[in-house]
Amino acid sequence: MITLQPVSTSDGRAFYDMLQRIRPENGFENSAFAMDYADFPAWLAKRVDMSQGVGLEDWQVPATTYWLMDNGVPVGTGNLRHQLTDALREAGGNIGYAVDDSKRGRGYGKALLHLLLEEARRRGMMEDILVTVHLDNIASRRVAEACGGQLRRETEKRVYYWFSAQEETINPG
């Protein structure tokens with residue numbers, strides 16, 4: 001069963017190991033990549049605080065980190081930013097996500113975006129939901145389109161997909 005699970009300070013080695021297989025690329029900044037395991041508990045605590053708007057730097061917004069779980073095994077991660085700044089409207093959007101490199105090509109990206117969109121809608125925290133994708137990231141563009149994203153803008157570096165906060169996404173199943 002595929003589920004979305006919020007980050008917790010009790011998350012252990014399996015989550016850390018999965019993050020070590022997600023290289024920062026295509027705009028997804030995995031700040032836990034190449035981190036020493038001894039620093040992982042503090043990283044988790046910071047993510048929990050961020051979800052509650054605690055300890056944010058001036059440029060940050062509250063954001064909740066989630067794990068995509070497949071039968072209890074972490075296979076991906078995603079961030080749901082509760083609001084947008086001008087900077088996030090240009091790069092980042094409301095949702096960022098990545099799948100374990102060893103699990104790509106199995107539909108997890110669609111499942112992850114679908115569940116993050118459902119969570120954003122459930123929370124009712126925004127009118128529309130933005131996902132920005134690097135122009136040459138064809139896989140992520142396909143995921144956004146499969147989940148009902150409407151391409152509304154394109155630059156030399158990125159494409160901008162908007163999702164209605166009211167509509168259901170297409171079930172990627």
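The values are calculated or read from the model by the stated rules, or taken from the named source; none is laboratory data. All figures in this text were calculated on a predicted structure; none of them were measured in a lab. Here Cβ is always computed from backbone atoms with ideal geometry, including for glycine, and neighbour counts include all displayed protein chains. Each accessible area value is taken on the protein alone, full model and side chains, heavy atoms only, with ligands, DNA and RNA left out. Shrake-Rupley method; radii C 1.70, N 1.55, O 1.52, S 1.80 Å.
Specify the residue that is surrounded by the most Cβ atoms within 10 Å (Cβ to Cβ); the eligible residues are those in segment 10-24 that are of a type in the set (D, E, K, R) and in contact (Cβ under 8 Å) with a residue 40 or more places away in the chain. Per the stated criteria, the residue is Asp11. Among the residues of segment 95-118, the ones that are over 21 Å from Ala32 (Cβ atoms) and open to solvent by less than 50 Å² (accessible area, probe 1.4 Å) come to 4 in all.
The number of residues in segment 81-94 being open to solvent by 10 Å² or more (accessible area, probe 1.4 Å) and either closer than 22 Å to Glu145 by Cβ or of a type in the set (D, E, K, R) (or both) comes to 8. The residues on offer are Gly72, Gly55, Gly78, and the sole one that is exposed (fewer than 13 other Cβ atoms within 10 Å of the Cβ) and touching a helix residue (DSSP H, G or I) at 6+ places or on another chain (Cβ under 7 Å) is Gly55. Just one of the listed residues (Trp59, Trp67) is assigned to a loop (DSSP other than H, G, I, E, B), of a type in the set (Phe, Trp, Tyr) and touching a residue at least 12 places away in the same chain (Cβ under 8 Å), namely Trp59. Examine segment 73-93 for a residue that is under 27 Å from Met1 (Cα atoms), under 13 Å from the mean Cα position of the chain (by Cα), touching a residue at least 40 places away in the same chain (Cβ under 8 Å) and part of a loop (DSSP other than H, G, I, E, B), and state whether such a residue exists. There is at least one residue in segment 73-93 that is under 27 Å from Met1 (Cα atoms), under 13 Å from the mean Cα position of the chain (by Cα), touching a residue at least 40 places away in the same chain (Cβ under 8 Å) and part of a loop (DSSP other than H, G, I, E, B). Could you list all residues from segment 25-52 that are open to solvent by less than 40 Å² (accessible area, probe 1.4 Å) and touching a Gly at 6+ places or on another chain (Cβ under 6 Å)? Answer for segment 25-52, where residues must be open to solvent by less than 40 Å² (accessible area, probe 1.4 Å) and touching a Gly at 6+ places or on another chain (Cβ under 6 Å): just Phe28.
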